[in-house]
Amino acid sequence: MEDDTRTQLAEQLKAARSEVAHYREIAEEVGKVRLRETEELSQLISELRQAQELLKQRNTELDSFINNIPDMAWLKDARSRFIAVNRAFGEAVGMDPKTLVGQTVEVCYGKEKADAFREHDRRVMEAGKRVVLEERFADSENGETWVEAIKSPILDDSGRVTGTAGIARDISHRKRMEMALQKAHEELEKRVKERTAELLEANTTLKHEIAERKRAEMALRKSEERFRRLFEHSNDAVIIHESGKILDVNQSTCEMLGYSREQLVSMSIFDLHPEEDRPECLGKINTIRAGRGRQFETQWMRADGTMVDVEVSSRVVDPENGIVQGLGRDISRRKEIQDELLKTKKLESIGMLAGGIAHDYNNLLSIILGSISMAREDLKPEYGISEFLKEAEKACFRAKNLTRQLVTFSKGGAPIKETAPVSELIRESARHALRGSSASLDFSASNGAWLVDYDKGQMEDVITYLVTNAHEAMPGDGVIKVRVENVHLGGEHQEPGLSFQEGRYVRISVQDKGVGIPEQLLPSIFDPYFSTKEMGDQKGMGLGLATAYSIIKRHDGHIGVESKVGVGTTFRVYLPASEKGLLDEKDGHREIDRLPSTAEKILVMEDEEMLRDLTGKMLERLGYEVQLTKDGGEAVGLYKAAMDAGVPFDGAILDLTVPGGMGGKQALRKLCEMDPKVKAIVSSGYSDDPVMTDWRQHGFVGAIVKPYQKKDLREVLLKAFSDDDT
Amino acid sequence: MRVGIGYHNRQDATWLGRHVAEDAMANGAIERPSLVLAFCSGQTDHAAYFNALQAVIGDDVPIIGGSAVGIITNHHLSYEGDPAGAAVIESDTLLFRVAAVCDLDKDEKGAGQALGKEISDHRAGKLLLMFYDSVKDPPSASSPPIMNASPPLIEGIEEAMGSEVPIIGAGLLADYAFSHTRQFCGSFVDSQCAVGILLDGAFKPYYRIMHGCAPLDGIYHTITKIKGSVVYEVDGLPVVKLIDETYGNRNWRHQVPLRRLTIGVNHGEKYGPFEEGHYVNRVIAGSLPHGQGIVLFEPDLEEGTQIVFMLRDSAKMIESARKNAEGLMEEVLAHGRRPAFGLYIDCAGRAAHISETLSEEAREVQDVFNRQGTPLLGFYSGVEVAPLLGKSRGLDWTGVLMILAEE
């Protein structure tokens, strides 16, 4: 039993093991199959991944392509629903392309258009062929829009139509161009017809015009003749030239330059300029030829070698051939006037400076001079110092003269004129200037010399400067000729280098036979501080001739010079003759030498304390009763008080300028209100002030220029008070 | 807890570090960063990347992580080019201790002990995050790559700090060529290191393991000759010959690692219904040049161990990723907690181009996290570490998904 059981169990075990082995084999086989299938599946997946990658890449490329083309593009299924649309399409309809997928075109353009498009799609699918369509859209913003659409069927691998593909572009611009072209074409046709008619008419008109032109040509020829005459008779020089080569000139050119026409047309413009000016001349010609006509000043050389100042206006008259017309106007006279003006300005600018300090300076000189003269009077001869005071006094006079010279340059320095003959004053001044020298004076004056309105002091200065200058130009002995003559000038009667208004003049000439003045220095000799002499003291300061020039100008006169080196120099002064006519020279001077007939009572108003006191002392010595005051306000008060007290002043000396206080002019106005017969003398260092030059017009009875001496006071007072008597 | 995620893909490591950090700070509205988890491609200049991160975040904020085959975030997934990513965490309630030990290639267990001691000396914790250099020696003409073994490392850690604290982490892999890797060790960068961070505080860690292999034929084999990680014989027969027969050819011998077959050890009922969570998988890194044996990723098997050949199943892998990600998120929410941050440690072999799938399994994880709006950082690793069957283990061919959830 046990054996049987064991046997059965062994068989069962064997069978079970066999079954397990069998199942294991199956399991192993299943495992291998699974592994193989997995391997195969992986292989497939790997290939699929590669295909997906490729597809993805293709899709990316396609998307990139389709989205970057500017035209609208789309794909539709068989029911005209969008499968895909590109960016341009989305932008055109204002919708996101993704939202259009699955939709029909109705969402973009409405039902009516959508139905039409669906019909197009249907036709394309039925025909299986591409069609090209043009569609018009009405756009409220842009007006009319035209689109060209190309629709093609989409076929699957079996050739079955599954949908449509389309591409469309905006052809509005092209359509507009086509329409515009058509319109232009029609317009052109119309214009051609019109033009043909016009030409026929014009042909007729042309015949008339030809006849008219012939008449016009005739008129032109006459006009040319007129212009030729104008050219020939122009007062200005007219030169026609080509690149400098003279082609033609008018008569004025010949007269101005001293050449004949034949000579000039064989010359060039450059021949009219000194060698050194020719490059500049060429530059100007080039500028003119470049089309920039211009006006400039230059100098032309005459046939005799002298130069003439001209103002040239040039312009190109024939640009094609480079022909230039130049008009030359003689401006020598204008240049002289300009030079004169410039010289005057120079003097005025220096005078401005001098005038500024003259007031204070003259006050100081008045004090010094007055004090010296008083000291000399009081000095006993035995003290032996009188000579020193005399020298000091002389120095003061020279300082005074220097101030006067400087002030003369200013716009002030106006002469205090008297109408008188000049001969005697000139002779005396010349004699005085040559006193103590070895030179002799040869003086002559024409009989019946005209009167002149002039400032004696200034005119003395002029003669002194000119005679001194002549003497210094002659080394050693010599004769200086001084002449006084009446001349008529102006108009055709002119003197070289001077510009005169027509009228009567008294000419004063001072001639020496000295070293002469080089020609190149002549234009500068009237400039301040110009001198050929050594500097120092008064001699050689270069103010003499400048001062003379200034004085003569202020007398509305002229001064000129003629000189030749080694031969001598002649200065000529021209003074306008007075309108007051002739006067016997013997009556020309009125001696004022009498003392005050009574002891007049004088009020002195002077802001400078020392001068005030000194003036008071000088007047007292002259026998006047004096009261002093420092400004106009006080003076008016004192004058009124004296009147009220019944002991009025006989006269007043009023300082013109009182810094910070009432000056003489205003004070006189106040005094006149109290006493219309008041006699007032104005005093000032500003000899150029209008009140000083025209004191009578301003209500004064006399004027005294600072610095002054006792004798000056005496003279002015006597004259002022005697005027009333005469 | 606030978490910001940054990601960029560029060769310039300094640019990469700065922009990853700036994006993370901005995305998470981070004002005072507490901790950074950062990973980058093996070919990126790790030191430059690390320094650039520090320059933005601050050099007093610990940065842990290191090399990765690829990077996963909520919206990016890449293992091509030079991807890099980081999670910047700001929390006043998160307590942590960072430690790192090196010379892993000399003694894994000793390194584990040192790491465990360094961390556990200071505080208790709810979770140990640990990343280590998985490559002891890169492959050569005479040998497949030799890996640093996770079992002795984990054993060493647990010896020092006990096994109560779950260990989640990874053996880092720089690339598919098994090149050397580098680790971000808190404040420095080095190789052959294990860096750990013990986390504690007002959070709860949730985790799941994604599988994807099933037994090839259900036949158990017994290892009869093994030395370290090299298996020579099973059932008394050369294992290489057995695999030759299974494939029906020798082509598999050129694969490093093997693409289809792995070695599985069933810790569940031997002939019970298949449960993926009961199997520990070991990737076959390759065969020895002359067919003497096969090299496993881990040297933790021994003679007498019963194994089954496992077949990688891509469909199961994707399904597992989706099912476990959804399940884990549902679990967190069911507990009334807020999922603050997710970390996905994904085996590099599960990437689509290696596992030859049409889609990335990690997409399933991204979808779940994006639906919930939870910040996610993940990376492709060599070995995944997570508790399985009550014990923290080194795993192959898995994905370990972890969520830090707040009350």
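The rows are residues; the columns are (1) open to solvent by 10 Å² or more (accessible area, probe 1.4 Å); (2) of a type outside the set (S, T, N, Q); (3) within 14 Å of chain A (Cβ to nearest Cβ).
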| residue | (1), (2), (3) |
| --- | --- |
| B:Val265 | yes, yes, no |
| B:Phe274 | yes, yes, yes |
| B:Ile284 | no, yes, yes |
| B:Leu296 | no, yes, no |
| B:Leu301 | yes, yes, no |
| B:Phe309 | no, yes, yes |
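If you scan the range B:102-115, which residues turn out to be surrounded by 22 or more Cβ atoms within 10 Å (Cβ to Cβ) and farther than 29 Å from B:Pro375 by Cβ? Write out each step before concluding.
The first filter runs over the range B:102-115 and keeps only residues surrounded by 22 or more Cβ atoms within 10 Å (Cβ to Cβ), leaving B:104, B:108, B:111-112, B:115.
Across the range B:102-115, the qualifying residues are B:Leu104, B:Glu108, B:Ala111, B:Gly112.
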If we keep only residues of the range B:330-363 that are more than 14 Å from chain A (Cβ to nearest Cβ) and part of a loop (DSSP other than H, G, I, E, B), then the residue surrounded by the fewest Cβ atoms within 10 Å (Cβ to Cβ) is B:Gly336
Going through the range B:1-22 in order, the residues found to be surrounded by fewer than 20 Cβ atoms within 10 Å (Cβ to Cβ) and not basic (Lys, Arg) are B:Asn9, B:Gln11, B:Asp12, B:Thr14, B:Trp15, B:His19, B:Glu22
With criteria (1) more than 14 Å from chain B (Cβ to nearest Cβ); (2) surrounded by 14 or more Cβ atoms within 10 Å (Cβ to Cβ), A:Lys32 comes up short on (1)
Only one of A:Arg261, A:Arg302, A:Arg294, A:Arg221 is over 13 Å from A:Gly326 (Cα atoms), open to solvent by 50 Å² or more (accessible area, probe 1.4 Å), of a type in the set (D, E, K, R) and within 37 Å of the chain's Cα centre (by Cα), namely A:Arg302
Residues of the range A:502-523 being surrounded by fewer than 17 Cβ atoms within 10 Å (Cβ to Cβ), among the acidic types (Asp, Glu) and not in a helix (DSSP H, G or I), in sequence order, are A:Glu502
Residue set B:Lys316, B:Lys323; condition of a type in the set (Lys, Arg), away from chain A (no Cβ under 14 Å), surrounded by fewer than 23 Cβ atoms within 10 Å (Cβ to Cβ) and under 30 Å from A:Val30 (Cβ atoms); output residue B:Lys323
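Residue by residue, here is whether (1) open to solvent by less than 50 Å² (accessible area, probe 1.4 Å); (2) acidic (Asp, Glu); (3) within 14 Å of chain A (Cβ to nearest Cβ) holds:
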{"residue": "B:Arg182", "(1), (2), (3)": "no, no, no"}
{"residue": "B:Ile209", "(1), (2), (3)": "yes, no, no"}
{"residue": "B:Asp217", "(1), (2), (3)": "yes, yes, yes"}
{"residue": "B:Tyr220", "(1), (2), (3)": "yes, no, yes"}
Out of (1) loosely packed, with under 14 Cβ neighbours inside 10 Å; (2) at the interface with another protein chain (Cβ under 10 Å from one of its Cβ atoms), the one A:Glu39 does not meet is (1)
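Regarding the range B:240-260, can at least one residue be identified that is under 20 Å from B:Leu153 (Cα atoms) and not in a loop (DSSP other than H, G, I, E, B)?
Looking through the range B:240-260, none of the residues is under 20 Å from B:Leu153 (Cα atoms) and not in a loop (DSSP other than H, G, I, E, B).
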Matching residues in the range A:54-73 (touching a Pro at 6+ places or on another chain (Cβ under 9 Å) and modelled with pLDDT of 90 or more) number 0
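This table checks each residue for (1) of a type in the set (A, V, I, L, M, F, W, C); (2) closer than 17 Å to A:Trp74 by Cα.
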| residue | (1), (2) |
| --- | --- |
| A:Phe117 | yes, yes |
| A:Arg130 | no, yes |
| A:Ala138 | yes, no |
| A:Ile154 | yes, yes |
| A:Ser158 | no, no |
| A:Ala168 | yes, yes |
Subset of the range A:677-691, residues modelled with pLDDT of 85 or more and open to solvent by less than 60 Å² (accessible area, probe 1.4 Å), comes to A:Val678, A:Lys679, A:Ala680, A:Ile681, A:Val682, A:Ser683, A:Ser684, A:Val691
- Task: Test A:Phe397 against the criterion of being closer than 22 Å to A:Thr547 by Cβ, open to solvent by 20 Å² or more (accessible area, probe 1.4 Å) and either modelled with pLDDT under 80 or assigned to a loop (DSSP other than H, G, I, E, B) (or both), and give yes or no.
- Result: yes
Kindly evaluate B:Pro144 against the criterion of being over 15 Å from B:Phe39 (Cβ atoms) and either basic (Lys, Arg) or buried (at least 24 other Cβ atoms within 10 Å of the Cβ) (or both).
yes
Flagged in the range A:61-96 as surrounded by fewer than 17 Cβ atoms within 10 Å (Cβ to Cβ) and within 22 Å of A:Leu155 (Cα to Cα), in numbering order, are A:Glu61, A:Leu62, A:Asp63, A:Phe65, A:Asp77, A:Ala78, A:Arg79, A:Arg81, A:Ile83
With the first residue restricted to the range B:191-209 and required to be under 30 Å from B:Glu275 (Cβ atoms), and the second required to be buried (at least 22 other Cβ atoms within 10 Å of the Cβ) and hydroxyl-bearing (Ser, Thr, Tyr), Cβ contacts under 6 Å at 6 or more apart or on different chains are B:Ile209/B:Thr398
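The values are calculated or read from the model by the stated rules, or taken from the named source; none is laboratory data. Just so it is clear, the structure is predicted and the values come from calculations on it, not from any experiment. A quick note on method: Cβ atoms are made from the backbone with ideal geometry, for glycine too, and the neighbour counts reach across all protein chains shown. Just so you know, the surface numbers come from the protein's heavy atoms only, side chains and all, with ligands and any DNA or RNA stripped out. Shrake-Rupley method; radii C 1.70, N 1.55, O 1.52, S 1.80 Å.
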